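What follows is calculated from the coordinates using simple rules that are stated; it is not laboratory data. Since we're looking at a predicted model, the values are computed, not measured. Ideal geometry is used to build each Cβ from the backbone, glycine not excepted, and the neighbour counts take in all protein chains shown.
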Amino acid sequence: MPKEIFINVEPQEKRVAIITDGRLEEFYIERPQDKTIVGNIYKGKIEAVMPSIGAAFVDIGLPRKGFLYLSEIESAYEGLEQPKAKVRREVKKGQDILVQVVKESFGTKGPRLSTQIGLAGRCLVLLPQEDQIGVSRRIEDDEERKRLKLMLREIKLPKNVGYIVRTAASGKSKKDIAQDAQFLFKLWKRLERLIARQSAPHLIYEEYDLTLRVIRDSFTDEVTRLVVDSKTEYYRIQNFMKHFLSHMTKRIELYKGDNLFEEKGIEKQINRIFDSHVYLKSKAYLIIEPTEGLVVIDVNSGGFKRKFSQEETAFKVNCEAAEEVARQLVLRDLGGIIVIDFIDMVREHHRREVLNILKRALSGDKAKYDILGISKFGLVEMTRERVHKTVHMLSYQTCPYCHGRGKVKSPTTTAIYVLKELKRFLKENKTAQVSLNLNPTVIDEILNHKENLKAIETKFKTRVNLISNPQAHIEDIKIS
């Protein structure tokens, strides 16, 4: 299946769409004011130590203090003048420490920090505080794992640093691996000099922006082309590729039309990311409801034509849904605790097969995840790493009318509340006349039960004027 990367650049944002066989598989947004800090390395200063929660708060020069588990601090540097020197178990306020951001700020929480520093290249991740070699778990072929480990041993790597072989290294030559290792080590030596010179808090290393991250992490040999609609970005990509992927520069195209995403049919697919209902080919559908810490996904048979028994119908719908659930988790970058409610299946082997389909479909997911299993009721509980702000978080704000409830009061409920507020107002304000400025649907509901309004007029010896305002929100009430 052809895989393509499309990059749209506007003055206020960059958008990247990764398409497989014409279908949107991954989508990312980056705006200057929301630029990610994940991957950034800081020389920080411990602001407060909280043994009760096993954490420290670290000043890294940002408005919100970073959160760091105390268990990690033992492997950090003290003062940072002597690399490899271990911090004493007694962690003190004011202590300098080298940290890397591993998770964005969410809500009122500051960024999550780690002392396990890693510099990502194309094929490798350099671990300056380790001295061992590892291979990504996503490289499952045993022979390839052995080949890559042997290759790294044959390359004269610097001592006292470690490396992790990334998934993208699969199939690469010794020359490719060696170049990546040398580049990362030189970068780290430059950073060490900066660490020694600068006082905390200070930014030591800034992660690549969205465009360059996608090229580094996703522009693999299976990508047939990368299309970008900005001439400036096109030349920047070309320059970056000369150092990392010079043999693939011919696959980069500059789009000269009017609307790249519209012309390629990407815009319509992006708009569907925000729908709570996701329809499958069989006319079954998913309902996806994310909250701050929990995502609930419900599988429904919908308009699926039942040519089979109830068990077979449930199994076929669940198999299709499992693949789509995996796609939606990646596409929407959903994280935290995830509960998937598949349609009930009686047979154990059917439940196992649905779970296996979900696992296979998630095998290419770059985020860390853990699937606990499937219950006899068809419930799957899993966790998925949430590192960046989701596309939904960047694109939408809480509704100022319903305040995140997703619903507004009915005209009947509002009409009842209006009369309560009116009585309260009249108890405090004796007046011969009062006006209610309301949405017309609320006025209709009040007039359907005129006797209630008449009773209030009689009790408080006043006249109530109903003023219709079509522009008023259904819950808005103005009494004057």
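A few points about this structure:
- At R0 = 45 Å, FRET efficiency that the Cβ-Cβ distance of residue 35 and residue 412 yields, to 0.05: 0.45
- Calculated FRET efficiency for the pair residue 468/residue 47, C-beta based, R₀ 60 Å, to 0.05: 0.60
- Burial ordering of 53, 270, fewest other beta-carbon atoms within 10 Å first: 53, 270
- Nearby aspartates and glutamates by direct alpha-carbon distance to residue 264 (threshold 16 angstrom, same-chain neighbours under 8 apart not counted): 4, 21, 25, 26, 229, 253
- P(r) weight above 36 Å for the chain, C-alpha pairs, percent: 48 percent
- This ranking places 402, 319, 123 by how few other beta-carbon atoms lie within 10 Å of each, fewest first, which gives 402, 319, 123.
- Here the residues 382, 248, ranked from fewest to most Cβ neighbours within 10 Å of their Cβ, fall in the order 248, 382.
- Under-25-angstrom lysine pairs by C-alpha in the range 150-245, whenever the two are 8 or more apart or on separate chains: 22
- Between residue 427 and residue 475, the FRET efficiency estimated from the beta carbon spacing at R0 = 22 angstrom works out to 0.50.
- Along its principal axes, the range 415-478 has C-alpha extents of 29, 21, 16 angstrom, given from the largest down.
- Counting only lysines at least 8 places from residue 407 when in the same chain, those with an alpha carbon closer than 24 Å to its own are 420, 478.
- Qualifying trypsin sites (Lys or Arg not before Pro) for the range 122-176 [loop in DSSP, other Cβ within 10 Å: at most 13]: 137, 138, 156, 159
- Degrees, to the nearest 10: 450-460 long Cα axis against longest axis of the chain: 80 degrees
- Scalar couplings 3J(HN,Hα) for the range 149-162, obtained by applying the Karplus form with A = 6.51, B = -1.76, C = 1.60 to θ = phi - 60°, are 4, 4, 4, 5, 5, 6, 6, 7, 7, x, 7, 6, 10, x Hz; x denotes Gly and Pro.
- Residue-wise HN-Hα coupling along the range 328-337, computed from phi with Karplus coefficients 6.51, -1.76, 1.60 (Hz; x: Gly, Pro): 5, 4, 6, 4, 8, 6, 7, x, x, 7
- Lysine pair count for the range 275-395 with Cα-Cα distance under 18 Å and sequence separation of 8 or more or different chains is 14.
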